[in-house]
Amino acid sequence: MAHYLVQVAYTPQAWAALVKNPQDRTKVLRPVVEKLGGSFETAFFAFGEYDIVAVMEMPANTEAAAFAVAAAAGGSIKSI
């Protein structure tokens, strides 16, 4: 399987929600990644243009793209 670097930028509303109710978002997204046949290797908060940087292992580009579309569809991400 291939490794993918995923960079995520949250919307201001998503940040406000996380400040109000801190939580590990990888726990929410992990089942989606696993359903696509992949796994999270690691994830970090970051400074700069992106708020989260993660490394995932996915079977192929199609599954990685499906994850990106599903994550963006939630509305909390302005860039992935």
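Filtering the range 37-56 to residues that are without any contact (Cβ under 8 Å) to a residue 40 or more places away in the chain, surrounded by 13 or more Cβ atoms within 10 Å (Cβ to Cβ) and within 25 Å of ALA17 (Cβ to Cβ) leaves PHE40, ALA43, ALA46. Strands (runs of 3 or more DSSP E) fully within the chain that include at least 3 residues being at pLDDT 90 or above and either in contact with a Pro (Cβ under 8 Å, 6 or more places away or on another chain) or among the hydrophobic types (A, V, I, L, M, F, W, C) (or both): 2-10, 39-45, 52-58. Whenever a residue of the range 57-80 is under 18 Å from ARG25 (Cβ atoms) and without any contact (Cβ under 8 Å) to a residue 40 or more places away in the chain, its partners that are β-branched (Val, Ile, Thr) and not in a helix (DSSP H, G or I), lying with C-beta atoms within less than 7 angstrom and at least six residues away or across chains, give the pairs ALA72/ILE80.
The values are calculated or read from the model by the stated rules, or taken from the named source; none is laboratory data. All figures in this text were calculated on a predicted structure; none of them were measured in a lab. Please note: Cβ atoms are built from the backbone with ideal geometry, for glycine as well, and neighbour counts cover all protein chains shown.
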